[in-house]
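To keep things clear, I will list the structure first and then write my remarks on it.
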Amino acid sequence: MVPLPARRALLAAALGPAGRRRVPRHRAPAAAAAAARHSSGAGGEAEEPGGATAVLRHLLLKLRATGPVTVAEYMREALTNPGQGYYTRRGGIGESGDFVTSPEISQVFGELIGIWYISEWIATGKPEAFQLVELGPGRGTLIDDILRVFNQLASLLSKCDISIHLVEVSPKLSEIQALMLTGGKVQSNPKDQSAYMKGVSKTGIPIFWYRDIQDVPPGYSFYLAHEFFDALPIHKFQRTEKGWREVLVDIDPEVPDQLRFVLSPSSTPATENFIQPEEMRDHVEVCPEAGVIIQRLAGRIEKDGGAALVADYGHDGTKTDTFRGFRNHKLHDVLRAPGTADLTADVDFSYLRKMTQGRTATLGPIKQREFLKNMGIDLRLQVLLQNSCDGATHEQLLHSYDMLMNPKKMGDCFNFFALLPHHRLVHPDKKHKPESKSPLPPVAGFGELLLK
Ligand code: SAH
């Protein structure tokens with residue numbers, strides 16, 4: 001990584017005096033911003049009177065035939081059912097526009113993340129190639145902003161072979177991403193690849209789409225997961241007088257075609273596997289799928305090098321019941337009209353850290369406002385304000401800065417967390433020759449940006 005004054009130079013080179021300022025496309029009420037991701041009510045799966053949806057009808061058949069399902073199974077059906085899931089069909093973040101995530105609020109967010117990767121690339125000796133792998137890219141806005149930074153630093157990156165790899169289950173969203181990133185010029189099911197689609201970015205960088213991280217080729221890679229892990233299915237557990245019980249979803253016998261939560265009559269395999277004997281909380285949520293993905297990322301980084309940046313709302317193993325739904329910028333009953341609302345749960349960063357199994361070092365979680373401050377967001381705001389001449393743009397810049405940074409909006413509830421090879425933080429030979437090497441450069445974003 002570059003020394004700190006050089007980091008400021010990198011920032012200036014990458015972003016330019018004014019950059020290409022894009023007016024933020026979406027405005028959301030403050031309460032909505034704090035909750036982060038929202039669906040519009042428009043498009044996609046229709047809700048019949050009484051809240052019936054195709055996903056609900058499918059679930060009712062299943063529940064009648066085989067009994068209650070875990071919350072994880074319910075969430076998976078509601079979000080990614082191949083025919084009718086929320087992400088599969090509507091993609092939520094659509095053109096209708098009332099869907100809020102940080103990259104959608106301000107281009108500065110993606111620009112600073114782009115600089116984070118370049119800074120890590122420099123710190124690890126400018127390898128001759130890297131893959132940038134994004135999990136759950138939404139509309140493709142974040143990767144588009146990162147690619148613009150790479151393009152502005154073309155002279156620095158000219159000898160580096162860069163490719164983009166997007167892991168996306170939603171056909172609808174992958175279409176939107178393809179349009180945003182390649183102008184829609186893509187090839188489906190390329191014969192020579194494990195990808196289901198490929199194309200070339202507007203700046204000439206190859207882009208590949210996959211359904212699973214395991215399909216992404218090995219190699220030195222930077223991973224990015226922004227508001228991805230919170231969308232993965234969770235199991236829920238409740239402490240009772242008889243011990244831990246799993247929370248399940250069943251048909252409500254009192255109200256036709258309505259769902260309710262019940263407790264498993266005895267412990268389930270998940271209770272045995274996921275609750276630690278020393279657990280102090282009375283209610284616990286665990287996301288095993290997140291654990292498996294983190295294990296894979298840690299294994300890949302240990303073997304091939306690179307880094308992973310995870311940004312999401314979450315906690316460090318302290319919160320209890322965080323499962324919630326959003327529709328039309330409002331909280332939505334998680335059991336009502338599945339397939340028409342976004343379902344989400346806070347990410348347990350302590351669980352992610354544990355699931356690296358020591359294969360990588362971890363940094364964070366650190367609050368979004370601290371991470372962005374350390375990355376130089378204030379400098380960037382000043383430059384943009386100085387270079388914009390109309391009042392509306394000024395107001396928009398200040399508004400989007402406030403959305404990202406205000407502790408009551410997205411500043412405090414979102415966190416950044418990184419996986420890095422151990423040798424990135426500690427010299428491998430430090431134990432034997434403690435004085436032999438110059439200190440390792442600090443990791444951007446996780447320490448204060450000191451300007452000289
Ligand atoms: N990162 C984007 C979008 C977040 S929404 C942003 O911040 O704006 C969650 C994204 O994850 C969507 O693109 C959704 O389709 C995708 N997704 C959800 N579950 C997934 C899974 N199991 N595998 C791959 N992608 C998934």
Kindly give the semi-axes, whole Å and largest first, of the ellipsoid equivalent to segment 162-274, taking each as the square root of 5 times a Cα gyration tensor eigenvalue.
42, 18, 12
I need the Debye-formula profile for segment 349-408: one equal scatterer per C-alpha, no solvent, reported as log10 I(q)/I(0) at q = 0.16 1/Å, two decimals.
-0.64
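Quick one: which of 126/198; 185/409; 172/367 span more than 28 angstrom between C-alpha atoms? Write out the running numbers ahead of the final one.
On the way: 126/198 26 Å; 185/409 37 Å; 172/367 32 Å.
Result: 185/409; 172/367 exceed 28 Å.
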Go through 182-192, 129-139, 258-268 and give me the packing order, highest mean Cβ count within 10 Å leading.
129-139, 258-268, 182-192
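Name the shape class, rounded, prolate or oblate, that the alpha-carbon gyration tensor gives for segment 267-358, where a ≥ b ≥ c are the square roots of its eigenvalues, rounded holds for a/c under 1.5, and otherwise prolate holds if a/b is larger than b/c and oblate otherwise.
oblate
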Residues in segment 288-325 near a label at residue 357, defined as backbone nitrogen under 16 Å from the 7 Å Cα→Cβ point?
288-304
What is the Cα centroid distance between segment 113-191 and segment 378-422, reported in whole angstrom?
22 Å
Express the carbon and sulfur contribution to the solvent-accessible surface of segment 330-391 as a percent, rounded to the nearest whole number, probe 1.4 angstrom.
51 percent
Quick check: convex hull of the Cα atoms in segment 210-284, volume per residue, rounded to a whole Å³?
186 Å³
Equivalent ellipsoid dimensions for segment 305-452 as semi-axes, Å, which come from the Cα gyration tensor, largest first
33, 27, 10
Going from the alpha-carbon gyration tensor of segment 188-237, what semi-axes, largest first and in whole Å, does one get by taking the root of 5 times each eigenvalue?
26, 14, 12
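The values are calculated or read from the model by the stated rules, or taken from the named source; none is laboratory data. Treat the numbers as computed from the prediction; the structure is a model and nothing was measured. Here the Cβ is made from the backbone with ideal geometry for all residues, glycine too, and neighbour counts use every protein chain on show. Each accessible area value is taken on the protein alone, full model and side chains, heavy atoms only, with ligands, DNA and RNA left out. Shrake-Rupley method; radii C 1.70, N 1.55, O 1.52, S 1.80 Å.
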